[in-house]
Amino acid sequence: MTQSVITRFAPSPTGDLHVGGARTALFNWLYAKAHGGKMLLRIEDTDRERSSKKALESILSGMTWLGLDWEGEPVFQYERARRHQEIAEKLLASGYAYRCYASPEELNEMREKARARGLSPCYDGRWRDRDASEAPQGIKPVIRFKMPKEGETKLQDRVQGDVTWKNEALDDFIILRTDKTPTYMLAVVVDDHDMGVTHIIRGNDHFTNAARQIHLYRVLGWNLPTIAHIPLIHGPDNRKLSKRHGALSVNAYRNIGYLPEAVCNYLVRIGWSHGDSEIMSLQQMIEWFDLPSIGKAPGKFDLMKLQNLNGYYIRHSDDEKLVTAIESLLPRLSATSQIEAVPDTSRHAKLLAAMPELKERSKTLVELWEKAAFLFTTRPLTLESKAAEILTDHVKKILKALFPILQEDEEWSSASLESRIKKFACEENIKLSQIAQPLRVSLTGKLTSPGIFDVLTVLGKKESLNRISDQIES
Ligand code: GLU
């Protein structure tokens, strides 16, 4: 019987769920789904100072919003400290690890030496073969793992390919600190083993850690999971992605009106592709996703692409679903946008009626909502002062002449209104903008709004004529 696939997402709760972490979670989730397996969630909270409840909540809610569900309860790494100590003791007892009493000064000296020779910081193994009787008094030791000093370490990475490290370049790393807390290097191996993880899919920043972790698996007699290190995400300037590049947390994308399906679609396409397919449903992703087709080069973050995809998903979303999504954002929107959350009993119906027009040109739900704001202002409108200046007597005369022409429009569609208004402009020998702007002001109270024909159609004939009439009669 083949072993069923178990992947895991193992975030450290030291910050929000960001684009990179979310993509790692998505890849793990897709791989598990594609193979009829499951994805587990492990919270790597051993760094007590940097871990926070807020970050944990951000990670859990971000994943839930994206639809990346995990099997069972999350495992909290800190709670497993006893088990990590037990394994460290076992390694000590079997001679695969040793107590190291090197002082901070000694370690510093080693670091300086390595640096001077152009090497990365390296522990020189000075306590590897020393007898415990030589241990200095009053110093608490760390426990280090005995790496092989010769030979090579090989890894068949499902994304990076076959890699070889020379063992002489890998020093004896710490597995248990002086306060008996485990290091990442030990905890991750013990937890992956105990959780039955078969596939480790994680960021390439952990690539060299694998060279060390492989040896823990070996001496503990545990099966090495399949390993895949996915390239990191870079900004357009080829540097590691950060806030500077406009990359936000997953929850921030939700709050500014992105749809989870757009974010997932965007994430999966960073560094992975399936032919020329740009748009894919979760179902298609599950069907097509595989590790070898992930590129080795860092993926590029492209905000425009994300926006365009979101626009696509908005255009293709069901109107009712969009209205519900906007409504669920409203409590947050009233704080972040200038528009007050409108307690309008007919809000749902109005938004729904306007949706076919509005969704065509909006890249986010917030944009949709802002474009819809004019629907909820009550008559007579209070005009913004700059907007009011436009409605001179001369302009009002033009609107008065247009009024009966609009009244006659039985169809009241964008097309019928456009043709009537254009014809009127032509006959009066005035530019379309000279009509559009005063109309906009009368209908919305503002100088900017969605296209004027959309405004007329989403307001409907009665409300539009009433709003115009309010202004030309005043
Ligand atoms: N906790 C690590 C991180 O957030 C991941 C460790 C792993 O996947 O092995 O980068």
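The values are calculated or read from the model by the stated rules, or taken from the named source; none is laboratory data. The model shown is predicted, which means the values in this text are computed figures rather than measured ones. Positions of Cβ are generated from backbone atoms using ideal geometry, with glycine treated the same way; all protein chains shown enter the neighbour counts.
Here the range 208-221 is the region considered, the condition is being in contact (Cβ under 8 Å) with a residue 40 or more places away in the chain and surrounded by 19 or more Cβ atoms within 10 Å (Cβ to Cβ), and the residue that is nearest to the ligand (Cβ to nearest atom) is 210. Confirm whether residue 249 is away from the ligand (no atom under 14 Å from the Cβ), within 27 Å of residue 66 (Cβ to Cβ) and crowded, with 18+ Cβ neighbours inside 10 Å. Criteria met by residue 249. Within the range 359-395, being assigned to a helix (DSSP H, G or I), more than 26 Å from the chain's Cα centre (by Cα) and either at pLDDT 90 or above or of a type outside the set (Phe, Trp, Tyr) (or both) holds for 372, 373, 375, 385, 386, 387, 388, 393, 394, 395. Looking across 49, 79, one residue alone is free of Cβ contacts under 8 Å to residues at least 24 places away in the same chain and assigned to a loop (DSSP other than H, G, I, E, B). It is 49. Looking at 447, 402, 417, 456, just one residue is among the hydrophobic types (A, V, I, L, M, F, W, C), at negative phi and part of a loop (DSSP other than H, G, I, E, B), and that residue is 447. In the range 33-46, the residue that is farthest from residue 196 (Cα to Cα) out of those that are away from the ligand (no atom under 15 Å from the Cβ) and touching a residue at least 60 places away in the same chain (Cβ under 8 Å) is 34. Taken as a whole, the structure places residue 125 among residues that are touching a strand residue (DSSP E or B) at 6+ places or on another chain (Cβ under 9 Å) and either surrounded by 14 or more Cβ atoms within 10 Å (Cβ to Cβ) or among the hydrophobic types (A, V, I, L, M, F, W, C) (or both). Within the range 297-313, the only residue that satisfies the criterion of being buried (at least 19 other Cβ atoms within 10 Å of the Cβ) and part of a strand (DSSP E or B) is 299.
Pairs are defined by a Cβ separation below 7 Å, a sequence spacing of at least 6 or placement on different chains, a first member in the range 230-254 that is of a type in the set (S, T, N, Q), and a second member that is surrounded by fewer than 18 Cβ atoms within 10 Å (Cβ to Cβ) and in a helix (DSSP H, G or I); the pairs so defined are 251/61.
Every listed requirement among (1) charged (D, E, K, R); (2) free of Cβ contacts under 8 Å to residues at least 40 places away in the same chain; (3) within 19 Å of residue 218 (Cα to Cα) is met by residue 179 save one, (3).
Residue by residue, here is whether (1) over 37 Å from the mean Cα position of the chain (by Cα); (2) within 16 Å of the ligand (Cβ to nearest atom); (3) without any contact (Cβ under 8 Å) to a residue 24 or more places away in the chain holds:
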site: 139; (1), (2), (3): yes, no, no
site: 155; (1), (2), (3): no, yes, no
site: 162; (1), (2), (3): no, no, yes
site: 175; (1), (2), (3): no, yes, no
site: 187; (1), (2), (3): no, yes, no
site: 190; (1), (2), (3): no, yes, no
site: 193; (1), (2), (3): no, yes, no
site: 201; (1), (2), (3): no, yes, no
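Of 61, 51, all but one fail to be of a type in the set (S, T, N, Q) and surrounded by fewer than 19 Cβ atoms within 10 Å (Cβ to Cβ); the exception is 61. Scanning the range 398-452 for residues that are touching a helix residue (DSSP H, G or I) at 6+ places or on another chain (Cβ under 7 Å), under 24 Å from residue 367 (Cα atoms) and β-branched (Val, Ile, Thr) turns up 441, 444, 452. When the criteria are applied in full, residue 317 fails the requirement of being surrounded by 14 or more Cβ atoms within 10 Å (Cβ to Cβ) and either of a type in the set (Asp, Glu) or under 20 Å from the mean Cα position of the chain (by Cα) (or both). Would you please name the residue that is farthest from the ligand (Cβ to nearest atom), looking only at residues in the range 1-30 that are in a strand (DSSP E or B) and not polar (S, T, N, Q)? The residue in question is 6. For the range 222-242, a residue qualifies if it is under 22 Å from residue 15 (Cα atoms), in contact with a strand residue (DSSP E or B) (Cβ under 9 Å, 6 or more places away or on another chain) and more than 16 Å from the ligand (Cβ to nearest atom), and the qualifying residues are 234, 235.
Among the residues of the range 55-76, those that are within 16 Å of the ligand (Cβ to nearest atom), in a helix (DSSP H, G or I) and either in contact (Cβ under 8 Å) with a residue 40 or more places away in the chain or basic (Lys, Arg) (or both) comprise 55, 56, 58, 59, 62, 63.
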